[in-house]
Amino acid sequence: MPKIKPAAHAPSIDMTPMVDLAFLLVTFFMLTASFRMAEPVIVDPPSSQSDKALPENTILVTVDNIGRSFFGVGNAEAKKNALARMSEKYKVTFNADQTKKFGGLSSFGVEIKDLPRYLDASEAERLKFQPQKGVPLDSVNNQLRDWINISAQELNAIYMREKDKAAERNQEFKGEKPRYAIKADGKAKYIYVKDVFKTFTDMKIYTFNLITSLEGGETKPAAKAH
């Protein structure tokens, strides 16, 4: 009796689980990703051949081509804590939404009394925000010094906390203490940058990085200035 051959069928793969997984991953990244806010000012720093990288816990002062100073700090926790202390010092109130937005700012260039209104504005409105005269750093009202000083204290507190945690776990600690940097537009007058230098030296901060544009187009931190 002849054998009956089973009909040949092409193998099939059920793609439903893979599609479901792809959508779950896309949804996860959309919900957890944090978008970086636009820079409040664009500066064109002088060029150099340095390619040293700065750590995230860097306090950065940016000087644009008309001499305005913008302040920024990389660590979001230190940034929010500094805002709370500046709020208490200058008697300016910030709500929870404003504090959250401040944590996402790369930098800002307004007086603290104008900061709540600046935070309530949209990104497009911030680029045209008035008055955006830069963070004050004159002898009468040197808010820049206070931002630097308080932010450095907050960054140091985080540094020590992480160091103690590593010691408790007998782990090697690779964290770095706060760093300071200045990024000035190549067309900015020296007198404007000198005012920022003076703010640092008055605080006995004598070591900081000067941010330059790497020859070839990319912006990189230059060697330390003393």
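What follows draws every value from the coordinates through simple rules; no lab data is involved. For clarity, every value in this text was computed on a predicted model and none was experimentally measured. Methodologically, a virtual Cβ is constructed for each residue, glycine included, from the backbone with ideal geometry; neighbour enumeration extends over all protein chains shown.
Gyration tensor over the Cα atoms of the stretch 68-191: the corresponding equivalent ellipsoid has semi-axes (square roots of 5 times the eigenvalues, largest first) of 28, 18, 14 Å.
With a cut-off of 9 Å between beta carbons, the residues surrounding Q132 carry a summed charge of +3, where Lys and Arg count +1 and Asp and Glu -1. Cross-link pairs exceeding 18 Å in C-alpha to C-alpha distance, out of K101/K174; K91/K128; K79/K177; K113/K133; K79/K128, comprise K101/K174; K91/K128; K79/K128. Need one word for the stretch 54-104: rounded, prolate or oblate. Basis is the Cα gyration tensor (sqrt eigenvalues a ≥ b ≥ c); a/c below 1.5 gives rounded, then a/b vs b/c decides. Oblate.
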